Each structure stands twice: as structure tokens, then as C-alpha cells.
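The structure under discussion appears below in the form of C-alpha cells.
The values are calculated or read from the model by the stated rules, or taken from the named source; none is laboratory data. None of the values given here were measured: they were computed from a predicted structure. Please note: Cβ atoms are built from the backbone with ideal geometry, for glycine as well, and neighbour counts cover all protein chains shown.
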């Protein structure tokens, strides 16, 4: 029986597989920081699915792409916290920019 391949992330307007890989590249993680990345990546994928579902149910331009208090964002914050403690200041600046891009200004302000 062939091994099942993981499902490829759909090319959402925000946070596709390529964009998540780009985030990791932009952060220029050290080997020690890389240890924390898989949990963050999984949580980012959940946020991407939530954004996509929200846009499908409410396609109005300008509507909030995701509730910053949603379970998915809370999971992302929990997954990201150990990595955030390890990041340099320049990496934290990059995370803030990325959080704002996906509509998480409140999260960005807390970093």
C-alpha cells in the first residue's frame, strides 16, 4: 500500500504553501529556531483555512479576513510563542509586518 501524501494546501489569497515557505525564508531561522517552525507552520495553515472559509461565507471587500480572537489565531499564538522568544529583533519586525498583512494588527502589536 502506497504511503499517503499530505494534502497540498490550496492557493488561498493569503498563506498558500509557497507563501508560508516564503515566510520561513524571510525569517532566516537559525538551526535552533528551526526546531519550533513545524508547529507554527501547522497553525498558519489552519489560519489560512479559516481565512478562506470566512471569505467564502462573507466575500464583501474590506471585511475582516479573520477574527483575531478565533481559535485558529489563538492556536497560532500558542504555537508561535516559543519561536518568538528565540527570534532576534529584526526577525520580530518581520513577524509584525507579516501579521499585519494577514489582518492581525492586534497580534502584531503584542509581539
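For residue 24, are the conditions met, namely being under 18 Å from residue 94 (Cα atoms), in a helix (DSSP H, G or I) and in contact (Cβ under 8 Å) with a residue 24 or more places away in the chain?
No, not satisfied.
Which of the residues spanning the stretch 5-31 are more than 14 Å from the chain's Cα centre (by Cα) and at pLDDT 85 or above?
28, 29, 30, 31
Based on what the data block shows, is residue 106 more than 12 Å from the chain's Cα centre (by Cα), farther than 29 Å from residue 31 by Cβ and assigned to a loop (DSSP other than H, G, I, E, B)?
For residue 106, the condition - more than 12 Å from the chain's Cα centre (by Cα), farther than 29 Å from residue 31 by Cβ and assigned to a loop (DSSP other than H, G, I, E, B) - is not met.
Being at pLDDT below 90 and either surrounded by 15 or more Cβ atoms within 10 Å (Cβ to Cβ) or more than 19 Å from residue 16 (Cα to Cα) (or both) narrows it down to one residue among 80, 48; which is it?
Residue meeting the stated conditions: 48.
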